[in-house]
Amino acid sequence: MNLAGKNVVYLGGFGGIGQKTCVELLERQVQALAVFDLMPNEQILRDWQSKYPNTKIFYQKMDITQRPEIDAVYRAAVEHLGHFDLVINGMGCLDDRCIDLTIQVNLLGVINSSLVALNYMDKSKGGNGGMIVNISSVAGIEPTPIMSVYSASKHGVTAFTRCLAGPFFESTGVTFVTVCPGMTETSMIHDMQDRTIFKFNIPAEYAVSNMKRQTALACAQNIVKVVEDATNGSIWMLDVGEIKKVEFPVMWTPPMMQ
């Protein structure tokens, strides 16, 4: 996707990776950027509006766990922009002690946001098509015992996005892409010992501290590169500053009636 002149919606745009990704998008001269997040960051918003005066930038408060709020913010975005070309579902929660919240934010929120966005973007319903990018995780392509609830929620994101990229949805004109960041230096990975359910022989904090990680900026730069180059249904692992396309083997095909 050529981002110049596009209308973009970013969920979680004030987070660690989100902030950096929004700047990368703004540098591509997008026409508009709508940031949906739970809490505002007025200083960052003013800075962006000052530095990028040719881009319409606005914030909408949204609790991703509440479907009525998701409906309302997308409706507001359409009123502001007329349409949107790119949606990035970037909100996330990493705290296995909060099982319901983890599933609500990471999986149900992504499902609801994707479906509401699709309803506006669907060409068969009068929309303009576009791209929906769902941010999963390396824990969404490989079981990760230290954060098993988080891993389960992210596996769900990966599977859901792959489903929407299937042939049944071709008429929508919407491309669905999965992005799977590796360990990234943000506040989400701090105090890991207090974010796990189980007590391991190797403390979680020690295990995480010994993993190679990438900066939020490196991750953001690669997210935007993926957006510019990705094809429908593609899955991308962004780990230690590198981009790798993930290919899943076909493990089962439905037996058909004769």
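Tabulated data
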| quantity | calculated |
| --- | --- |
| Matching residues in segment 71-100 - criterion: being under 17 Å from the mean Cα position of the chain (by Cα) and either among the small types (Gly, Ala, Ser) or over 17 Å from residue 14 (Cα atoms) (or both) | 74, 84, 85, 86, 90, 92 |
| Qualifying residue in segment 214-226 (condition: more than 18 Å from residue 25 (Cα to Cα), surrounded by 11 or more Cβ atoms within 10 Å (Cβ to Cβ) and modelled with pLDDT of 90 or more) | yes |
| Residue match in segment 104-121 (condition: on the phi < 0 side of the Ramachandran plot and assigned to a loop (DSSP other than H, G, I, E, B)) | no |
| Selected residue (only one of 170, 142 is surrounded by fewer than 16 Cβ atoms within 10 Å (Cβ to Cβ) and part of a helix (DSSP H, G or I)) | 170 |
| Some residue of segment 48-64 being among the polar types (S, T, N, Q) and either modelled with pLDDT under 95 or under 16 Å from the mean Cα position of the chain (by Cα) (or both) | no |
| Hits in segment 80-95 (condition: closer than 19 Å to residue 144 by Cβ and either out of contact with any Gly (no Cβ under 8 Å at 6 or more places or on another chain) or not in a loop (DSSP other than H, G, I, E, B) (or both)) | 93, 94, 95 |
| Restricting segment 173-201 to residues that are loosely packed, with under 15 Cβ neighbours inside 10 Å and part of a helix (DSSP H, G or I), the residue that is nearest to the chain's Cα centre (by Cα) | 187 |
| Counted residues, segment 4-23 - those being in a helix (DSSP H, G or I) and under 15 Å from the mean Cα position of the chain (by Cα) | 7 |
| Members of segment 37-69 that are free of Cβ contacts under 8 Å to residues at least 24 places away in the same chain, closer than 19 Å to residue 111 by Cβ and either among the hydrophobic types (A, V, I, L, M, F, W, C) or in a helix (DSSP H, G or I) (or both) | 68, 69 |
| Whichever residue in segment 123-139 is outside any helix (DSSP H, G or I) and in contact with a Gly (Cβ under 7 Å, 6 or more places away or on another chain) and, among such residues, is farthest from residue 18 (Cα to Cα) | 129 |
| Residue among 72, 34 that alone is modelled with pLDDT of 95 or more, surrounded by 19 or more Cβ atoms within 10 Å (Cβ to Cβ) and not in a loop (DSSP other than H, G, I, E, B) | 34 |
| Flag if residue 57 is farther than 26 Å from residue 172 by Cβ and either of a type in the set (Val, Ile, Thr) or buried (at least 22 other Cβ atoms within 10 Å of the Cβ) (or both) | yes |
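The values are calculated or read from the model by the stated rules, or taken from the named source; none is laboratory data. These figures come from a predicted structure and were not determined experimentally. So basically every Cβ, Gly included, is an ideal-geometry build from the backbone, and we count neighbours across all protein chains shown.
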